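One structure below.
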Amino acid sequence: GAVVSQHPSWVICKSGTSVKIECRSLDFQATTMFWYRQFPKQSLMLMATSNEGSKATYEQGVEKDKFLINHASLTLSTLTVTSAHPEDSSFYICSARESTTYYEQYFGPGTRLTVT
Amino acid sequence: KQEVTQIPAALSVPEGENLVLNCSFTDSAIYNLQWFRQDPGKGLTSLLLIQSSQREQTSGRLNASLDKSSGRSTLYIAASQPGDSATYLCAVRVGTGANNLFFGTGTRLTVIP
């Protein structure tokens, strides 16, 4: 089956620093990737959608300059949280979709970000 | 705007019991509905996907039904086991080729040995 990996699985960083999270589709080409964030006991909220080679489309209320998304290849997307603050602490989950199965997304295992 | 609600928010049952999780959505114009399982601190595992033209899907001890016109779906788990303990999320996809899933807030299930 389709597998999506994320790295790192957890990260702790100091306030004001930047952290990069990688999302990879291991056995398929992901034409579209999605980034979600999930606060404790809450559901997933879509942050942005990225198509390979194009700029990401951000959901309303998500700061594009703070959450930089790059989808440079068909198997890799990265989310960089710039100038992180404690309120950015959250669980970030990526999802990928291949062009032939546009109706289904495959989810990564998530990355726990803690900003101190 | 599509809103997805799951009731109950939490549920505890003794091992071996059959149970039903509920999901409702406000806009019936969905493309499909998907049930996921999420273990604590982990990502999502897809359990069942029901296309809008279907009424149910089954996988092992799991059965999901869809009543699009009334905006409801149920996930039936038979003979529950402690390993079923997790949060169950339902999500609806709007429109063909849509790039978004609308998630419910989940039901946290605990199966007591």
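The values are calculated or read from the model by the stated rules, or taken from the named source; none is laboratory data. Treat the numbers as computed from the prediction; the structure is a model and nothing was measured. When we count neighbours, we look across all protein chains shown, and the Cβ atoms used for this are built from the backbone with ideal geometry, even at glycine. These accessible areas exclude ligands, DNA and RNA; they are computed on the full protein's heavy atoms, side chains included. Shrake-Rupley method; radii C 1.70, N 1.55, O 1.52, S 1.80 Å.
Eigen-decomposition of the gyration tensor built on the alpha-carbon atoms of region B:40-97 gives equivalent ellipsoid semi-axes of 22, 15, 9 angstrom, largest listed first. Interface area, chains B and A: about 1600 Å² of buried accessible surface, summed, with a 1.4 Å probe and ligands, DNA and RNA left out.
Applied to region B:19-34, the Karplus parametrisation 6.51 cos²θ - 1.76 cosθ + 1.60 on θ = phi - 60° returns per-residue 3J(HN,Hα) values of 8, 10, 10, 10, 9, 10, 9, 7, 10, 6, 7, 9, 8, 7, 9, 10 Hz, with x for Gly and Pro. Each of A:F39 and B:N100 was given a label point 7 Å from its Cα along the Cα-to-Cβ line. The distance between the two points is 1.9 nm. In angstrom, the C-alpha Rg and Dmax of region B:1-107 are 13.2, 41. Pairs from the table (A:K64/B:K68; A:K20/B:K1; B:K42/B:K68; A:K14/B:K1; A:K14/A:K41; A:K66/B:K1) lying more than 28 angstrom apart at Cα are A:K64/B:K68; A:K20/B:K1; B:K42/B:K68; A:K14/B:K1.
Computed 3J(HN,Hα) for region B:56-73, one whole-Hz value per residue from the Karplus formula 6.51 cos²θ - 1.76 cosθ + 1.60 where θ = phi - 60°, is 7, 9, 10, 8, x, 7, 9, 9, 10, 10, 9, 10, 5, 5, 9, x, 9, 9, glycine and proline marked x.
Working note: Karplus 6.51/-1.76/1.60 with θ = phi - 60° gives region B:36-46 the couplings 10, 10, 10, 7, x, x, 10, x, 9, 10, 6 Hz, where Gly and Pro are set to x.
Over chain A, Cα pairs under 8 Å with separation of 6+ residues give a relative contact order of 37 percent. Computed over region A:15-77, the range of Cα coordinates on each principal axis works out to 31, 25, 22 Å, biggest value leading. For region A:26-42 versus region B:69-87, the inter-centroid distance based on Cα atoms is 23 Å.
Using r as the Cβ-Cβ distance of A:T80 and B:T110, and R0 as 35 Å, what FRET efficiency do you calculate, to the nearest 0.05? That gives a FRET efficiency of 0.40.
Considering the protein assembly as shown at the alpha-carbon level, its Rg and Dmax are found to be 17.7, 51 Å. How fast does region A:6-116 diffuse by Stokes-Einstein, in µm²/s, taking the Kirkwood radius from C-alpha pairs at 37 °C and 0.692 mPa s? It comes out at roughly 236 µm²/s.
So if I average 1/r over every pair of distinct C-alpha atoms in region B:20-64 and take the inverse, what Kirkwood radius in Å does that give? 11.9 Å is the Kirkwood radius here.
B:I7 to A:E104: FRET efficiency via 1/(1 + (r/R0)^6), r the Cβ-Cβ distance, R0 30 Å, to the nearest 0.05? My answer for the efficiency is 0.70.
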